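Okay, structure first, notes after.
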Amino acid sequence: MTAREGEGFPKAARIRRRREFLSMGRTGLKRRTEHFVLLMQRTEETPRLGITVSRKVGGAVTRNLLKRRIREAFRRHEQRTRFAHDMIVIAKPGSGAAGVPAVQRLFSEAVDIQARAPSRPDTSRSLK
């Protein structure tokens, strides 16, 4: 099954290389929510998304469903064009039960974080 025109999630919109994940883990802006850890790094290009969901979250069906929800929320977010950062979403244990509203709220919070973000990454603060 292929995506309808304009509704795909191309490789150019994803963070795929391990070194990019590790680099953002070291230097990216880190924020924690109830279900996720969000790593962000400023970009001048189209924003990309990386997702990490470990087995601690649940079985394969749960992990894949959560990844699909995260990708879809990112892809359909109304302010996606305002994202000025590449993002990595790391699912915390227990986040498999997070519904669509919790995932959508993640990207709304990301837009707010970007608006308040200092020029240098500040990893000492966290979201509540």
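The numbers here are math on the coordinates, done by the rules we state, and not lab data. All values derive from a computational prediction rather than experimental measurement. Ideal geometry is used to build each Cβ from the backbone, glycine not excepted, and the neighbour counts take in all protein chains shown.
Things worth noting here:
- Modelled this way, with points 7 Å down the Cα-to-C-beta line, the labels at Arg18 and Arg76 are 3.4 nm from one another.
- Taking 7 Å steps out from each Cα toward its Cβ at Val100 and Thr52 produces label points 2.9 nm apart.
- Amide hydrogen neighbours beyond the local backbone of Phe36, cut-off 5 Å, H modeled: Lys92
- Taking other Cβ atoms within 10 Å as a rough exposure proxy, Glu44, Glu20, Glu7 sort from fewest to most as Glu44, Glu7, Glu20.
- Cβ-based net charge around Ala12, under 11 Å, with every Lys or Arg adding one and every Asp or Glu removing one: +3
- Using the Karplus relation 6.51 cos²θ - 1.76 cosθ + 1.60 with θ = phi - 60°, the per-residue 3J(HN,Hα) values for region 102-109 come to 5, 6, 5, 4, 4, 6, 5, 5 Hz, with x marking Gly and Pro.
- The P(r) of region 11-116 has a tail past 23 Å containing 19 percent of all C-alpha pairs.
- In this structure, the amide hydrogen of Arg48, modeled 1.01 Å from its nitrogen in the peptide plane, lies closer than 5 angstrom to those of Asp86, Met87, counting only residues at least 5 positions away or on a different chain.
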